[in-house]
């Protein structure tokens, strides 16, 4: 089986995993999710993903699932599917109907989806992607960018605009005019052998892989800086890359049709890719 769902403490085939059309997840996107890699049947940085999930649920006033419950569901899914390389999506949404007053309900419902990892997509992304700076802007004074919400409309609008321009990833400016992040990724640029990434207060979701990259840089003596980044900084960068939990490090080769650096994956980007692959291999061995 290439996909299986864990819902109400049971493993189900996708066509049997049903929720009510009156669910608040359907009506309001009243919930959060996390997506992570499973390598060699083991999750990469599960604790970090669950910690971020639980922090967000606390902000929303929802009960948080225990790590043990999530681990138990994950193991059940792995046994059910027999997958070695997979993607795990953890979804938690508020119980109750679509009535607005039910936002005070703290009860939550856990759903997890395990599906086969897309190796071909990973290989393509590892060779490089293109970006497009889109019209919508991240509100850096809102709490929403910090929450991995089920309401993904801003990212969908951005992705549609970027795809219409032939780009792979939508890049967002924030309301102060600085670069924030990609629709599904964090942004890094490289200048004079220093990696730079926008701060959390720029209106970004602080990604788990973003944290790992900064840890790698510190351990290998690579200079790093968390700072505001202008579009001109990106355009004049020696290298750039995007990161997320599924695709790892994706060299950013061009933005708005302008080649970045040499227009090929840079030396430091490749070094970080190798280091991340080694860490994942060790972590999941």
Checklist entry - Between residue 160 and residue 137, 0.36 nm times their residue separation minus their Cα-Cα distance comes to what? => result 6.8 nm
Checklist entry - Taking a ≥ b ≥ c as the square roots of the eigenvalues of the Cα gyration tensor of segment 123-283, is the shape rounded (a/c under 1.5), prolate (a/b larger than b/c) or oblate? => result rounded
Checklist entry - Among 22-33, 175-186, what's the highest-first ranking by average C-beta atoms within 10 angstrom per residue? => result 175-186, 22-33
Checklist entry - Once fully extended, how much extra length lies between residue 201 and residue 1, figured as 0.36 nm per residue of separation less the alpha-carbon to alpha-carbon distance? => result 67.8 nm
Checklist entry - If we count other beta carbons within 10 Å of each Cβ, what is the order of 133, 92, fewest first? => result 133, 92
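What is the packing order of peptides 242-253, 217-228, taking the mean over residues of other C-beta atoms within 10 Å and listing the highest first?
My ranking of the peptides, most packed first, is 242-253, 217-228.
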Checklist outcome for this item: Here the FRET efficiency for residue 16 versus residue 144, based on Cβ atoms and R0 = 25 Å and rounded to 0.05, is 0.15
Next on the checklist: On a full-extension model of 0.36 nm per residue, what is the gain between residue 104 and residue 235, subtracting their alpha-carbon distance, rounded to one decimal in nm?
Outcome noted: 42.5 nm
Checklist entry - In the set [x] 51, 43, 34; [y] 46, 43, 41; [z] 64, 52, 32, which value of Cα extents along the principal axes in Å was calculated from the structure you see? => result [x]
Item to check | Fewest-first sequence of 121, 115 by Cβ atoms within 10 Å of each Cβ | outcome: 121, 115
Checklist entry - For the pair residue 262 and residue 194, how long in nm is the line joining their label points, each one 7 Å along Cα→Cβ? => result 2.3 nm
Checklist outcome for this item: Only helices counted: for the chain, with every DSSP H run of 4 or more residues adding -39500 (n - 2.57) and the sum spread over all residues, [θ] at 222 nm is -9500 deg cm²/dmol
Checklist entry - Ranked highest first by the average count of other Cβ atoms within 10 Å around their residues, in what order do 45-54, 143-152 fall? => result 45-54, 143-152
Item to check | GNM flexibility winner over the chain from 204, 91, 258 (Cα, springs under 10 Å) | outcome: 258
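Each reported figure results from applying straightforward, stated rules to the coordinates on display, with no laboratory input. What you are looking at is a predicted structure, and each value in this text was computed from that prediction instead of being measured. For neighbour counting, all protein chains shown are included, and Cβ atoms are generated from backbone atoms with ideal geometry for every residue, glycine included.
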